[in-house]
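So the structure is just underneath, and the comments pick up after that.
Just so it is clear, none of the values below were taken in a lab; they were calculated from the coordinates. Everything numeric in this text was worked out from a predicted model, so none of it was measured. Every residue, glycine as well, gets a Cβ built from its backbone with ideal geometry; the counts of neighbours run over all protein chains shown.
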Amino acid sequence: MYPEDYHYSEEHEWLAADGNNYRLGITDFAQEELGEVVYAELPEVGTAFDVEDEIGTIESVKAVAEIYTPIAGTVVAVNETLLDQPELLNEDPHGDGWLVEIEPKEGVEIEGLMDATAYQAFVSGS
């Protein structure tokens, strides 16, 4: 269910390596909890963030959720498609529903994140 080569945070975000950068998105668990997504507010390219900074919000018919970055870095790409098609977060959260691409600060470590097996256990309460 969760891509094996992704890394997951306790806040239900994922990171996937894309060359030297990382794509960031929300997990399938997160989109199910949110329900029908109607809007995504994302940062501008060039915005720098530290670990666990809020980088945007996702609005659904039943809630607004903040998005936090699990790594420090600079936004180098934003998924502009989500502005017109926020439903991609529900339809393909681990693929076309990615949020931003981040160039990590030098020396950034992702060891604190979970692998797919650990994340699956985390969301199932095991």
What list do you get for Leu89, Leu83 if you sort them by fewest beta carbons within 10 Å?
Leu83, Leu89
Could you list Val75, Val51, Val64 so that the one with the fewest beta carbons within 10 Å of its beta carbon is first and the one with the most is last?
Val64, Val51, Val75
Return the FRET efficiency for the residue pair Gln85, Ala121: r is the Cβ-Cβ distance, R0 is 35 Å, and the value is rounded to the nearest 0.05.
0.65
Relative intensity, log₁₀ I(q)/I(0), of the chain from a Debye sum that treats every alpha carbon as a point, q = 0.10, 0.16, 0.20 Å⁻¹:
-0.27, -0.71, -1.14
In the range 62-98, which residues have a backbone nitrogen under 19 Å from the label point lying 7 Å from Glu10's Cα in the Cα-to-Cβ direction?
66-72
Quick check on the exposure proxy: order Ile55, Ile67, Ile102 from fewest to most C-beta atoms within 10 angstrom.
Ile55, Ile67, Ile102
Tell me the mean residue ellipticity at 222 nm calculated for the chain from its helices only (DSSP H runs of n ≥ 4, each -39500 (n - 2.57), averaged over every residue, nearest 500).
-4500 deg cm²/dmol
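With only Lys, Arg, Asp and Glu charged, each at its Cβ (+1 for the first two, -1 for the last two), find how big the charge dipole of the chain is about the Cα centre; round to the nearest 20 debye. Write down the numbers at each step before the final one.
Values: 3 positive and 30 negative charges, 16 e Å.
That gives a dipole near 80 debye.
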